[in-house]
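Working notes for the structure below.
The values are calculated or read from the model by the stated rules, or taken from the named source; none is laboratory data. No experiment lies behind these values; they were computed from the predicted model shown. Here the Cβ positions follow ideal geometry from the backbone for every residue, glycine too, while neighbour counts run over all protein chains shown. Calculation scope for accessible area: heavy atoms of the full protein, side chains included, ligands and nucleic acids excluded. Shrake-Rupley method; radii C 1.70, N 1.55, O 1.52, S 1.80 Å.
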Amino acid sequence: MAKSLLKTSSLSGRTKLLHQTGLSLYSTSHGFYEEEVKKKLQQFPGGSIDLQKEDSGIGILTLNNPSKMNAFSGVMMLQLLEKVIELENWTEGKGLIVRGAKNTFSSGSDLNAVKSLGTPRMEWPYACSCKTP
């Protein structure tokens with residue numbers, strides 16, 4: 001049953017469809033451009049997202065950045081996307097355990113990486129700061 005739930009999840013189906021058609025997970029209509037986002041996130045190294053797949057069908061995803069209390073660096077955010085895609089395609093997968101290294105789950109995201117993304121690029125008419133009567 002868990003396998004069928006994973007297979008029918010709308011996020012999983014949408015992500016697979018996007019990858020099959022070569023479309024982006026980022027919406028340019030909201031000002032996010034995938035390559036720009038990836039370049040900015042790559043500027044913040046450190047840590048890793050480790051995935052171990054057990055023969056039992058259980059995956060163990062470890063947030064591994066203990067020097068920063070497992071805060072997500074920019075590179076880790078990109079690695080997480082890769083691991084999620086890998087898990088979506090793991091046909092033997094039944095469940096997932098997400099944990100943090102060294103007895104800490106996660107302190108969140110590296111705020112410098114998040115701040116670097118800033119506000120998405122806005123295009124007309126949204127970029128206009130003029131007032132309408």
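Worth pointing out:
- The stretch 92-107, residues that are surrounded by fewer than 14 Cβ atoms within 10 Å (Cβ to Cβ) and in a strand (DSSP E or B): GLY95, ILE97, VAL98
- First in the stretch 101-112 and on the phi > 0 side of the Ramachandran plot, second anywhere and open to solvent by 50 Å² or more (accessible area, probe 1.4 Å), Cβ under 6 Å, 6 or more apart: LYS102/PRO66
- Answer residue from the stretch 45-87, given it is assigned to a loop (DSSP other than H, G, I, E, B) and under 16 Å from ALA101 (Cβ atoms) and is farthest from the chain's Cα centre (by Cα) among those: MET69
- The single condition from (1) open to solvent by 50 Å² or more (accessible area, probe 1.4 Å); (2) out of contact with any Pro (no Cβ under 9 Å at 6 or more places or on another chain) that ILE85 fails is (1).
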